[in-house]
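What follows is a set of notes on a single structure, which appears directly below.
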Amino acid sequence: MKNEVVVITGASAGLGRPAAREFGSHGAKVGLIARGIDGLEAAKREIESAGGKALVLPLDIADANAVENAADSVEREFGPIDIWVNNAMASVFPARGWGQGDLLGGASFAAGDLRWLADCRGYRRQ
């Protein structure tokens with residue numbers, strides 16, 4: 001895994017942070033995406049102390065342009081992305097009020113957008 005370029009959404013806490021730390025401990029260069037800057041900075045310190053490199057990218061994954069810009073930043077800093085881990089969740093709240101499946105549908109929509117981004121940028125290996 002040495003020198004692999006990895007991006008992890010939701011990297012500041014939960015499952016994303018230890019996953020980022022594990023990649024870093026194997027020498028990966030890790031792009032860290034989440035909203036919480038304090039958690040991102042802590043994750044960066046942990047990765048770098050384990051021998052990896054990290055780039056902090058504070059953003060909300062519900063903003064597709066911000067995600068695209070973050071991917072560009074990672075590629076400028078570290079090179080082509082080898083692995084993209086979608087660990088963050090985004091929710092879309094309906095303007096008309098709650099109905100059956102609204103929250104799940106919103107989360108699925110956001111995850112679908114990130115899969116689409118990965119496909120467009122060629123992240124999926126054949």
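All conditions but one from (1) in contact with a strand residue (DSSP E or B) (Cβ under 8 Å, 6 or more places away or on another chain); (2) at pLDDT 95 or above; (3) closer than 15 Å to Val6 by Cα; (4) part of a helix (DSSP H, G or I) apply to Glu41; the one that does not is (3). Against the criterion of being in a helix (DSSP H, G or I), over 14 Å from Asn87 (Cα atoms), charged (D, E, K, R) and touching a residue at least 40 places away in the same chain (Cβ under 8 Å), Glu68 qualifies.
Residue pairs whose Cβ atoms lie under 7 Å apart, sitting 6 or more positions apart in sequence or on different chains, and linking a residue in the range 38-55 that is β-branched (Val, Ile, Thr) to a partner that is assigned to a strand (DSSP E or B), are Ile47/Val30; Ile47/Ala54. I want to confirm something. Restricting to the range 1-43 and keeping residues that are of a type in the set (Gly, Ala, Ser) and touching a Pro at 6+ places or on another chain (Cβ under 8 Å), which single residue is farthest from Lys53 (Cα to Cα)? Per the criteria, the residue is Gly36. If you filter the range 25-43 down to residues that are of a type in the set (D, E, K, R) and surrounded by fewer than 21 Cβ atoms within 10 Å (Cβ to Cβ), you find that the one that is nearest to Trp84 (Cα to Cα) is Arg35.
When the range 48-61 is filtered for residues that are out of contact with any Ser or Thr (no Cβ under 8 Å at 6 or more places or on another chain) and not in a strand (DSSP E or B), the ones remaining, listed by number, are Glu48, Ser49, Leu59, Asp60.
If the condition is being within 14 Å of the chain's Cα centre (by Cα) and under 14 Å from Gly24 (Cα atoms), then the range 35-81 contributes Leu40, Ala43, Lys44, Ala54, Leu55, Val56.
The values are calculated or read from the model by the stated rules, or taken from the named source; none is laboratory data. Source: prediction; values computed, not measured. Heads up, the Cβs are rebuilt from the backbone with ideal geometry, glycines too, and the neighbour counts pull from every protein chain shown.
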